[in-house]
Structures are given as C-alpha cells and as structure tokens.
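These notes concern the structure reproduced below.
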Amino acid sequence: MSHLKNLTLKVWRQSGPADAGRFETHEVAEISDEASFLELLDVLNEQLISENKEAVVFDHDCREGICGTCSLMINGVAHGPQRATTTCQLHMRSFKSNDTIVVEPWRAAAFPIIKDLMVDRSPFDRIIESGGYITAVTGGAPDGNLIAVPKPVSDAAMDSAQCIGCGACVAACPNGAASLFTGAKIAHLNRLPQGQPERYQRTEAMVEKMDEYFGSCTNHGECSAACPKEISVDVIALMNKDYRASKFKSRKEISRD
Amino acid sequence: MTYTFDAKIPAGALTDKWDNYKQNAKLVNPNNKRKFKIIVVGTGLAGASAAATLAELGYQVDAFTFHDSPRRAHSIAAQGGINAAKNYQGDGDSVNRLFTDTIKGGDFRSREANVHRLAQVSVDIIDQMVAQGVPFAREYGGLLDNRSFGGAQVSRTFYARGQTGQQLLIGAYQQMARQVGLGGVRLFNRTELIDTVVVDGRCAGIVVRDLLTGEIQSHAAHAVVLATGGYGNVFFLSTNAMNCNVTAAWRAHRRGAMFANPCYTQIHPTCIPQADETQSKLTLMSESLRNDGRVWVPKSPTDNRPADQIPEAERDYYLERLYPSYGNLAPRDISSRAAKRLVDKGQGIGPLKNGVNLDFAAAIERLGLDVVKERYGNLFEMYERIAGEDPYKTPMRIYPATHYTMGGLWVDYELMTNIPGLYAAGEANFSDHGANRLGASALMQGLADGYFVLPSTISSGLAPLLGKTMPGIDHPAFKEAEQLAKDRFSGYLNTKGKRSPDWFHRELGKIIWDKCGMERTKEGLQQALADLPALYNEFQTDLRVTGTGETTNQTLEKAGRVDDFFQLGMAMCQDALTREESCGAHFRSEYQTPEGEAQRDDEKFCHVAAFEWTGDPMNPKRNVEELVFETAHLATRSYK
C-alpha cells in the first residue's frame with residue numbers, strides 16, 4: 001500500500017436543475033492507493049463538512065460494481081480510465097500524485113442534472129415499463145425444466161442481461177442515445193424461448209418509448225467501449241432487426257391502409 | 001406484564017400446515033381487491049415481488065424506494081445462488097431435507113412452521129423465475145444446472161454466473177415494472193420512509209420524506225408491507241450497500257412493533273479484508289467459491305513467504321482438518337470463527353496479516369483453467385479490480401465481514417408484525433433463519449415472502465376491513481407524525497456541532513464490531529453498553545449537518561439513519577448480553593464446548609427474544625416467544 005499526495009479535484013457543482021452550475025476546485029492532500037474513487041469523494045466530503053461547507057451530492061450504493069447507481073465522467077470518460085469498471089470499483093492506483101482530476105455528472109439531454117453529480121435516469125425505467133419484461137403472472141409457471149434452453153442461447157441471454165442500467169452508454173454517446181441499454185434488454189428477452197410470445201410487441205414498444213427520450217443511434221460504438229459490463233454493440237443490430245420485423249408482424253401495421 | 005405472542009401457526013401436521021392455512025384463509029373477491037390500498041416499502045426481491053404480485057391480484061399498490069430506480073436494491077449484489085428443493089440432480093434432496101438443513105443451519109432458533117413453508121415454496125420460485133426469463137446456468141442439454149453450498153450435502157443451488165441476485169432482482173423488477181406500466185403499481189422513487197402511523201392499534205399508513213425536495217408527506221393504506229432489508233450497516237464496515245439502513249424497521253419498532261433477535265447478525269466468511277483507513281465498505285466474494293477453493297493459512301505465524309513457495313506440509317487446511325465431512329463447505333458462522341481464531345493467533349496472511357488464503361491451484365489442476373473461468377470468472381475479475389492481485393495465480397485473501405442480519409421485526413405466520421395491518425418481508429423480518437442463515441437462502445426467502453406468502457396471507461387481514469372507513473392522511477395521528485419528522489430533521493440541521501454523521505457512524509461501528517461482532521463476552525457487552533450512550537449523547541450534541549433540508553442533502557439523510565443505528569446498537573448489545581448461550585452466529589466466549597464450538601442452552605434460551613420499545617433505547621422490554629420443535633430433533637449442530 002502506498003499513498004497518493006496532492007490531488008486537485010475539479011468538481012461540478014450545481015445547486016439544482018435550474019442552476020447553471022460551475023466547476024469548484026478542491027485539494028485532497030493524501031489518500032491510499034487502495035481507496036476507491038468514491039472513497040476519494042468521501043474524504044473530500046468530510047473535508048467540506050469540517051469547513052462548514054455543503055458536501056458534494058453523488059449517487060452511489062453497492063460499491064461493488066453491480067447496482068448501477070454510481071456514475072461520473074472522470075476526466076471526460078464515463079466511469080473513468082479503467083476498462084469494464086464502474087466508478088465505485090475504480091481504485092486510486094489508477095491515478096498518481098499531483099494529478100488534476102475533473103469530475104462531472106453524466107451529460108445527456110434525457111438525464112437532467114438534479115444536483116451536483118446526481119442525474120435523473122428514470123427514462124430507463126419508463127423503457128422497461130413499456131415492455132422490458134416477460135408476462136408471467138405469479139403462480140402459473142410450468143416446471144423450470146419443462147423447456148430446455150440450449151446453453152449457448154442461455155449464455156448469450158446472460159451476456160446482455162448483465163446490464164446494470166448505469167447510463168454510461170448514454171453519457172458516452174455523442175447523440176445521447178440509449179440503444180445499448182434498450183438493445184441489451186431486448187437481446188436478453190428476445191433470445192430466450194420464454195420471450196418469444198411477446199418478442200415483436202416488446203421490441204416495438206421499447207424502441208418507440210426510447211425514442212421519446214433519447215437521441216438516435218449512429219453506430220459510433222462509444223457506448224460499448226464505456227460499458228462497465230462490456231455489452232457488445234451486436235445487441236443494437238439485433239434490436240434493429242427485430243424492430244424492423246415488428247413493423248411487418250404487428251397487427252397495428254397490418255390493419256393500416 | 002408479559003406479552004403473549006400468537007404466531008398463528010395453522011393446525012395439522014407440519015407438512016400440511018401451509019395447505020391448511022390456504023384452505024382456511026379469508027379471501028377478498030376480485031371486484032373488491034381494487035378497493036384496498038397496500039403500501040410496499042422497499043423494492044428489493046421481497047418488495048418488488050410482493051408489489052408485482054399484489055398488483056396482479058388487483059390490489060392498488062403504492063411502492064416506495066429511496067433509490068433512483070427499484071432495480072438498485074441491494075438484493076442485486078447477491079452472487080452465489082438460490083436454493084430450491086427441486087432435486088434435479090437426483091442426489092437425495094427433498095422439501096424435508098431443505099427444511100431440516102435450514103432448521104439445523106439456524107441452530108434451532110427459528111420457527112418450524114415458517115421454515116417448512118419456505119422449503120415448500122422454494123420449488124415454485126425457480127419455476128416462476130425461469131418463466132420470467134432469468135438466465136440461470138444450464139447444462140449442455142439445456143436443463144438447469146446446480147451447485148452445492150455451505151451447510152448442505154446436496155447440490156440444490158441455482159445460479160446465474162456470479163450474479164444470481166442481480167438476475168433475480170431484475171426479474172422481479174421487470175415484473176413490477178410491467179405493473180407500473182399497467183397502472184397497478186404507483187412508484188415513488190427517491191422517497192424514504194420516516195415513520196409509520198398507528199391509529200387505534202392498527203397501522204394506518206406511513207410518513208415519507210422526498211429526498212429531492214425534503215418535503216414530508218403522508219400516505220394512508222389498508223396494509224403496509226416493510227421489505228426494507230437488514231441492518232448490517234450498524235457495523236459501518238459491512239458488505240451491505242452504503243444506503244442500507246434500519247430506519248423503516250426501527251421507526252415501526254418505536255411505534256410498537258416488536259424487534260426480534262437483534263443480536264443475530266451473520267458474519268460472512270469470504271470477504272476481501274480491509275485494506276486501509278478510508279475504506280467505506282467491504283466486498284463479499286461468493287461463498288460458492290468454497291466449492292472449489294481450499295482455505296488455508298501457513299502453519300507458522302512467522303512464515304511470510306508468498307503462498308506458492310509454502311510447501312504443502314507447512315500449510316494448515318484448517319477447515320478440512322477440523323470439519324472433515326463438510327470441509328471447506330462448513331457453514332458460515334463456523335468457518336468465520338475458525339478464520340478469526342487463526343488470524344488472532346497471528347497466522348493471518350497479507351500485508352496487514354488480516355486474512356486467510358482461498359486457494360484455487362488444486363481446482364485449476366483438477367478441472368482446468370477453462371472450467372474455473374466459466375464458473376467463477378467474473379468473481380475473479382472483481383477480486384482483481386479490488387485487491388490488485390490475480391487469483392488465478394495467487395490465492396485470494398479473504399476474511400469474515402458482516403453480511404446479513406437474521407434478526408428483524410417480529411412477524412407471525414402471516415408475516416404480520418404485532419401491529420395489525422403492518423407486515424414485514426425478506427431480511428426485514430426475523431422469521432426463517434434462526435440464529436444463522438445458510439448460503440443461497442436469502443434470495444429464496446425474499447422471493448418466497450413476496451411472491452408466495454404475503455399474497456396468500458394478506459387477504460385475511462384485509463377481508464374484515466371491507467366497507468369500513470379507514471383513517472385518512474388528515475387524521476391527527478398523521479399530522480402529529482409529520483410534525484415529528486419535520487422536527488427531527490430540523491433538529492439535525494440545528495445541532496451545529498463539529499462531527500459529521502459518517503464520523504459517528506464509524507465510531508459506532510467500531511464499538512459494535514469489537515464488542516458485539518463475531519465473538520462476544522459479558523464484559524465486552526457491558527463495556528459497549530456503557531460506551532454507546534456516551535457516544536450517542538455526543539451525537540445528539542456535537543453533530544454537524546451542512547446544507548439545508550429543502551433540497552437533496554445526503555448528509556442529512558445519513559444523520560437520520562445513524563441516529564436509528566445508535567438505538568438499534570443498544571438493543572443488539574442488550575440482546576447479546578441477555579442471551580447467555582452461544583447459538584449460530586451469536587457466539588458468547590463463555591458458552592462453548594471444549595472443542596470451541598457454540599454451546600446452546602435449550603433449557604433457558606429455546607425462544608425468540610422480541611424487544612418492545614419503552615421510550616428509552618437503553619431499557620427496552622424483553623418479551624419471549626417459546627419455540628416448540630415437533631418435528632426437528634433438537635441436536636447439537638455438528639459438521640464434523
């Protein structure tokens with residue numbers, strides 16, 4: 001274990017959605033390289049409280065990389081410099097003494113800033129509510145082994161089901177698109193036999209709900225590069241394929257003149 | 001006056017009780033269900049599954065979470081798996097065996113009827129989750145795969161890589177999201193419960209605080225379900241998420257709900273040891289790793305060689321040595337204490353000598369790198385990110401940490417607290433795990449409560465209310481609770497002392513961990529009970545909360561939670577002091593066998609201790625529910 005010294009933090013402060021916001025500069029004299037990035041913010045906040053100042057607001061919870069609550073653009077990169085790592089799992093050994101670190105919230109039109117580094121990601125919930133599920137009312141399920149699911153199918157579904165809904169994909173996207181998030185959920189459910197009955201309805205509803213809030217995808221791929229779970233851009237292709245198919249399959253379309 | 005508990009255990013043989021209950025339960029007709037409002041607080045496995053199912057049945061459901069999204073709840077972090085008595089492996093499993101393992105694992109301090117029901121509904125959970133699209137691990141033939149877990153000799157654990165909790169929670173969240181979309185559930189996010197309201201002895205609703213605006217609001221309902229998780233964060237350092245807290249349960253307790261067995265807190269044997277002084281939480285490494293990992297320390301305390309240079313003969317595989325039949329899969333409490341003893345003796349490893357080795361070299365040799373990668377790949381990566389070492393090459397360093405709390409709100413067979421209309425589900429209640437929970441049983445219990453138990457039991461409490469007028473939010477009891485809540489938060493802001501809530505939390509955690517952690521003594525607990533009121537007094541006079549109460553203020557949120565942790569901590573220590581025996585995770589040094597195992601005292605302590613709020617956190621009233629074992633044989637737990 002060693003210690004980093006003299007870190008300069010340029011942190012985004014914004015008192016509320018209506019405030020214009022600005023950067024504030026703070027110094028942290030020393031921190032262990034075993035500390036996580038959020039523990040650096042904890043130390044900063046303790047310092048601010050001791051100076052009778054308001055602590056920096058940021059979303060965080062599990063601090064083990066799975067709940068998806070933490071966010072942060074660190075030096076302009078979603079979740080910071082380490083690949084496949086959430087901010088809470090980023091450790092100070094990725095930085096060195098005398099570094100200046102710029103800390104900002106997710107910046108996306110669909111994620112308005114609430115305060116300081118905290119944003120509103122509830123459009124993700126609206127997308128799931130529109131169709132990101134398999135209708136299976138409690139109590140009526142057949143035996144778990146009734147339908148065999150080929151292992152590669154199950155594994156591929158799991159690969160995209162790993163999405164933690166953190167929003168890094170949106171923050172990294174120059175268009176503020178949510179195709180990786182929506183595509184991951186569609187790929188998870190549409191690949192499984194249990195997901196087939198609602199496949200095209202689901203895809204149509206989710207894509208159209210997504211378009212109400214988010215920008216359009218132009219296949220940049222920044223989303224996948226920023227994704228802490230390394231979800232592949234392939235899910236976007238699958239989503240687009242199923243969305244196109246849904247327009248042929250959907251009764252709404254068929255009944256149109 | 002002694003309180004008499006009615007656990008409402010149904011009549012009949014143990015195996016028939018749940019069927020008998022359902023047959024005789026009062027129902028609410030489908031057209032009338034929509035006339036009832038049910039509040040569900042918490043959206044983890046228990047809360048989300050309850051909200052979804054109750055809405056499907058036709059009740060009006062209001063769901064509350066302090067997170068930005070219901071999908072964040074800490075159930076998401078469970079790694080290893082979920083137990084179910086499916087016997088898909090044909091290795092001798094059955095509902096009865098799961099029941100027996102759970103009762104024995106809990107060291108005979110849980111209620112037989114509840115545990116048996118849990119084992120019964122476990123099989124339905126798997127079916128339900130598969131139907132929802134949870135991508136459980138599968139064999140090449142396409143059928144579901146299982147693995148084994150501590151405290152069991154069969155393979156009954158279903159898993160989704162090392163992210164089982166995540167996949168199950170997302171399943172339950174999606175099912176609830178569907179109901180939000182359909183209008184069956186109204187969702188209140190970033191909203192924290194501050195108080196429960198009781199009118200004429202019945203729960204009438206809740207008071208909440210909007211975490212974005214600080215606004216205090218009331219919500220009335222016919223029934224309130226608290227699915228608000230456990231209180232492990234009282235230790236400050238635990239594997240719980242940062243926001244896990246006891247406030248909802250504790251505020252209900254202050255309104256009259258009994259708090260049962262607060263001293264039953266589980267220490268998980270396989271967590272990454274603390275690395276430095278600013279550490280904010282500990283990270284668990286799934287217990288499933290013990291399926292293939294071997295736990296050892298160097299035989300000599302002065303042996304500082306790297307692990308791969310220590311020859312076999314100079315290693316102590318202590319779990320295999322002490323517990324040959326269960327070996328590395330000995331239950332959590334037993335494995336944890338064994339690790340603590342060796343570290344205390346100076347045989348610990350790592351820079352701070354505060355861990356033991358969990359070694360995969362033998363597994364890699366036996367199974368090949370690919371199989372180990374397939375089974376544990378993401379856990380290994382996670383370990384490497386945190387500890388900065390590659391577990392494929394160097395053994396993991398692990399040490400026990402607080403992980404789960406078996407104690408919680410006292411509930412009867414219907415999961416109702418002693419306050420009519422107030423229910424508790426999942427980790428928030430005390431009912432199924434006794435003094436120690438077996439691995440992969442928390443997910444099982446959360447989903448059992450939410451999907452299958454509450455939806456069948458809640459109608460009995462609602463049916464008699466049909467046509468009756470319930471107190472609305474203009475009732476004086478709501479107004480009084482709102483005022484109390486406002487005063488409470490302005491009190492924290494106006495204390496204007498010098499110490500932050502986190503500072504107090506850390507100091508509180510040190511006392512609880514030292515004196516009421518893995519091993520407890522009479523002297524230590526008495527010392528804690530002397531130190532806690534002093535520190536609490538300091539908290540009340542020297543707290544500093546900056547900012548205001550009218551906007552997002554995480555320091556203020558934290559102050560409220562730490563306040564409740566203080567009061568809970570006092571109850572924990574009192575419970576641990578009064579329970580003069582060792583059972584499961586509650587280990588009193590004075591009560592152990594010559595081999596150092598927990599020694600129960602069934603004569604005096606075969607009961608649930610349920611604490612009643614008296615207004616003074618240092619003097620709660622201790623009530624007792626006797627535990628009667630009709631089927632399970634009260635035996636000394638042995639894993640040798």
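Since every read-out is calculated from the coordinates, none of them should be taken as a lab result. Predicted model, so just to flag it, every value in this text is computed and none were measured. Cβ coordinates were reconstructed from backbone atoms using ideal geometry, including for glycine residues, and neighbour counts include every protein chain displayed.
Nearest 10 degrees, 0 to 90: what angle lies between the long axis of helix B:112-131 and the longest principal axis of chain B (Cα atoms)? Long axis of B:112-131 versus the principal axis of chain B: about 90 degrees. Within the straight-line cut-off of under 16 Å between alpha carbons, the aspartates and glutamates reachable from A:K249 are A:E198, A:E204, A:E208, A:D257, sequence neighbours fewer than 8 places apart in one chain being disregarded. One way to sum up the overall shape of chain A is the equivalent ellipsoid from its Cα gyration tensor, whose semi-axes run 39, 20, 15 Å, largest first.
The lysines within cross-link reach of A:K247, meaning a Cα-to-Cα straight distance under 20 Å and a gap of 8 or more places when in the same chain, are A:K185, A:K209. Rounded to the nearest 10 degrees, the angle from helix A:234-249 to the longest Cα principal axis of chain A is 40 degrees. Over every Cα atom in the range B:268-402, the radius of gyration and the widest Cα-Cα span, Dmax, amount to 13.8, 40 Å.
Computed from Cα atoms, the angle from the helix B:45-57 axis to the main principal axis of chain B rounds to 40 degrees.
Taking the square root of 5 times each eigenvalue of the Cα gyration tensor, what semi-axes in Å does the equivalent ellipsoid of the range B:319-380 have, largest first? Intermediate results must be reported in sequence, preceding the final value.
Working: eigenvalues 118, 51, 21 Å².
Computed over the range B:319-380, the values are 24, 16, 10 Å.
Relative to the compact-globule estimate of 2.2 N^0.38 Å, the Cα radius of gyration of the range A:121-254 comes out at 1.05.
Exposure proxy for A:T203, B:T213: other Cβ atoms within 10 Å of each Cβ, ordered fewest to most, give B:T213, A:T203.
With both residues required to sit in the protein assembly as shown, DSSP beta bridges show an antiparallel share near 70%.
Evaluate 2.2 N^0.38 Å with N set to the residue count of the range B:467-565, then give the Cα radius of gyration divided by it. Before the final figure, lay out each step's value.
Values: Rg = 17.7 Å, N = 99, 2.2 N^0.38 = 12.6 Å.
Normalised Cα radius of gyration, the range B:467-565: 1.40.
Scaling against 2.2 N^0.38 Å puts the C-alpha radius of gyration of the protein assembly as shown at 0.89. For the residue pairs A:K53/B:K558; B:K345/B:K510; A:K151/B:K393; B:K345/B:K640, the C-alpha atoms sit more than 19 angstrom apart in B:K345/B:K510; A:K151/B:K393; B:K345/B:K640. Within 10 Å of each candidate Cβ there may be at most 16 other Cβ atoms; applying that plus a DSSP loop requirement, which chymotrypsin sites (Phe, Trp or Tyr not before Pro) in the range B:122-152 survive? Hits after loop and neighbour filter: B:Y140.
With one equal scatterer per alpha carbon and no solvent term, the Debye-computed log10 I(q)/I(0) for chain B at 0.05 1/Å reads -0.21.
Across every pair of non-identical alpha carbons in the range B:1-129, the mean reciprocal distance, once inverted, gives a Kirkwood radius of 17.5 Å. Distance distribution note for the range B:381-447: the fraction of Cα pairs above 15 angstrom is 63%. Overall size of the range A:3-114 from C-alpha positions, given as principal axis extents largest first: 39, 35, 23 Å. Straight Cα distances below 28 angstrom link B:K35 to the lysines B:K8, B:K22, B:K26, B:K468, B:K479, with same-chain residues fewer than 8 positions distant left out.
Can you give the Kirkwood hydrodynamic radius for the range B:551-640, in Å, rounded to one decimal and based on Cα pairs? Show your work: numbers first, answer last.
Details: mean 1/r = 0.0634 Å⁻¹.
When all Cα pairs of the range B:551-640 are included, the Kirkwood radius is 15.8 Å.
By per-residue mean of other Cβ atoms within 10 Å, what is the highest-first order of B:580-593, B:484-497?
Values: B:580-593: 21.1, B:484-497: 15.8.
Highest mean packing first, the order is B:580-593, B:484-497.
For the range B:198-248, the normalised intensity computed at q = 0.16 Å⁻¹ comes to -0.65 (log10 of I(q)/I(0), Debye sum over alpha carbons, equal scatterers, no solvent).
Averaged over peptide B:122-132, the number of partner chain Cβ atoms lying within 10 Å of each residue's Cβ comes to 6. Taken along the Cα-to-beta-carbon direction at a fixed 7 Å, the label points for A:D19 and A:S50 span 2.3 nm. Placing R0 at 35 angstrom, the Cβ-Cβ distance between A:D120 and B:A11 gives a FRET efficiency of 0.10 after rounding to 0.05.
Using the structure shown, list the pairs from A:K5/A:K96; B:K17/B:K37; A:K10/B:K281; A:K96/B:K281 with a Cα-Cα distance above 18 Å, or answer none.
With Cα atoms farther than 18 Å apart: B:K17/B:K37; A:K10/B:K281; A:K96/B:K281.
So if we plug the beta-carbon distance of B:N537 and A:A109 into 1/(1 + (r/R0)^6) with R0 = 51 Å, what FRET efficiency do we get, rounded to 0.05? Write down the numbers at each step before the final one.
On the way: r = 50 Å, r/R0 = 0.97.
Between B:N537 and A:A109 the formula returns 0.55.
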